[in-house]
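Taken together, the values in this text are just the output of simple stated rules run on the coordinates, not laboratory data. Fair warning: this is a prediction, and the values are worked out from it, not measured in the lab. Backbone-built Cβ (ideal geometry, glycine too); neighbour counts: all protein chains shown.
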Amino acid sequence: MVNVIKMNHVSYKYEKQNVLEDITLEVPKGAFLAIVGPNGSGKSTMLKLLLGLLRVQQGSIELFGQDIRSFKHSEKIGFVSQKANSFNTGFPATVFEVVLSGLSRKIGLFRLASKEERQKVLNVLDSVGMLEFRNKNIGELSGGQQQRVFIARALVSEPELIILDEPTVGVDAKNVQQFYDMLEELNKELHITLVLVTHDIGVISDKITHVACLNKHLHFHGDSRAFNALNENELSSIYGHEVQILHHHH
């Protein structure tokens, strides 16, 4: 099976403080991986390394079988951050324009979009259930709706991998489940590999295929069934008091 991500003995430190230590991780094509761990466990650093925002200090990372240092296919990777929690609601752009901006690497910033490219935007808005809002200002939408738009923006360049950093921060509970249902659909029907950083593993335990428990070291990496079989003592050795937050079920 092809690995979309391969981390081999990766360590990273800020000044003298170790943040990641000897991480070896493989993410196969088509996986839906949840990365979980307490605050300060190195999750954000791992994402920055995978996105090329930080350089590998020790070990190696491959994306789609290619060393990350020579990887030139950034269009294969989409990224969705915690935008719903911090987005400037006064930003003067429509939903359509926000999603279209996801094609700027392909069409350039100042060239008009072709009919085909505009149709792509409409198609991805439809796939995330936001087509009817295409002419609305992005600031008029709820947090959950904004995150669907940002997913559409990530999807419009037809990536093979989408990385999501706590995407439901600021999204109300009712919409969180719908949001994860949508991710499951993207994973299963479009076969997009998903890597999700989350605190709330219980909500999506029936949707993910793999789990990585991170706390500087990789304490667990396996399929979701093996993770759900861990007992509280085993989880407590990784998370301490976080165990109940991570292991509840809805």
Review point. Once every DSSP H run of n ≥ 4 in the chain is given -39500 (n - 2.57) and the sum is divided by its residues, what mean residue ellipticity at 222 nm do you get, rounded to the nearest 500 deg cm²/dmol?
Key: -9000 deg cm²/dmol
Study note, to complete from the structure: DSSP beta bridges in the chain: the antiparallel percent, rounded to 5, is 55
Exercise for review: Could you work out, for region 10-85, what percent of all Cα-Cα pairs fall into each 5 Å distance bin, beginning at 0 Å and stopping at the bin that holds the largest distance?
Suggested key: 3, 12, 24, 27, 20, 11, 4, 0
Check your understanding: Per q in 0.08, 0.16, 0.18 1/Å, what log10 I(q)/I(0) does a Debye calculation on the alpha-carbon atoms of the chain return?
Key -> -0.32, -1.23, -1.46
Exercise for review: Under a cut-off of 30 Å between alpha-carbon atoms, report the lysines in cross-link reach of residue 6, not counting same-chain residues fewer than 8 places apart.
Suggested key: 16, 29, 43, 48, 72, 76, 83, 106, 188, 207, 216
Exercise for review: Would you mind counting up the charge near residue 190? Only other residues with Cβ under 10 Å from its Cβ, with Lys and Arg at +1 and Asp and Glu at -1.
Suggested key: -3
Review point. When the scattering of region 112-166 is computed by the Debye formula from its Cα atoms alone, each counted once and equally, what is log10 I(q)/I(0) at q = 0.16, 0.21, 0.30 Å⁻¹?
Key: -0.49, -0.82, -1.27
